[in-house]
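In what follows, a structure is listed as structure tokens, so that the remarks can point back to it.
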Amino acid sequence: MSRVVRVDEEALEVALKYGKNLSLGIMKMEEMIAKQEKAKRDYTAIEEMVRRTIREELEGLTSRY
């Protein structure tokens, strides 16, 4: 399905940097955003695991003394 829409010239230029037409540019940008969000979630999970491990190790060390 296609639809006629009004798009700001600058927005069209941005979209065309990502695809050969507006639709492909928008879809590529959406794909890139999804990948960035997944990477951020993965990083946050790893960061929390590291914090938990350090906290547990510190608690283990302090309980000995």
Of the criteria (1) more than 26 Å from the chain's Cα centre (by Cα); (2) surrounded by 10 or more Cβ atoms within 10 Å (Cβ to Cβ); (3) in a loop (DSSP other than H, G, I, E, B), which one residue 57 fails
(3)
Name, by its number, the condition in (1) surrounded by 10 or more Cβ atoms within 10 Å (Cβ to Cβ); (2) more than 30 Å from residue 5 (Cβ to Cβ); (3) of a type in the set (A, V, I, L, M, F, W, C) that does not hold for residue 24.
(2)
Those residues that are among the charged types (D, E, K, R) and assigned to a helix (DSSP H, G or I), I need them from the range 1-32; list them, please.
9, 10, 13, 28, 30, 31
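For the range 33-45, does any single residue satisfy the condition of being of a type in the set (Phe, Trp, Tyr), part of a helix (DSSP H, G or I) and surrounded by 10 or more Cβ atoms within 10 Å (Cβ to Cβ)?
Taking every residue of the range 33-45 in turn, at least one turns out to be of a type in the set (Phe, Trp, Tyr), part of a helix (DSSP H, G or I) and surrounded by 10 or more Cβ atoms within 10 Å (Cβ to Cβ).
Taken together, the values in this text are just the output of simple stated rules run on the coordinates, not laboratory data. All figures in this text were calculated on a predicted structure; none of them were measured in a lab. All Cβ positions, glycine included, derive from the backbone under ideal geometry; neighbour counts span all protein chains shown.
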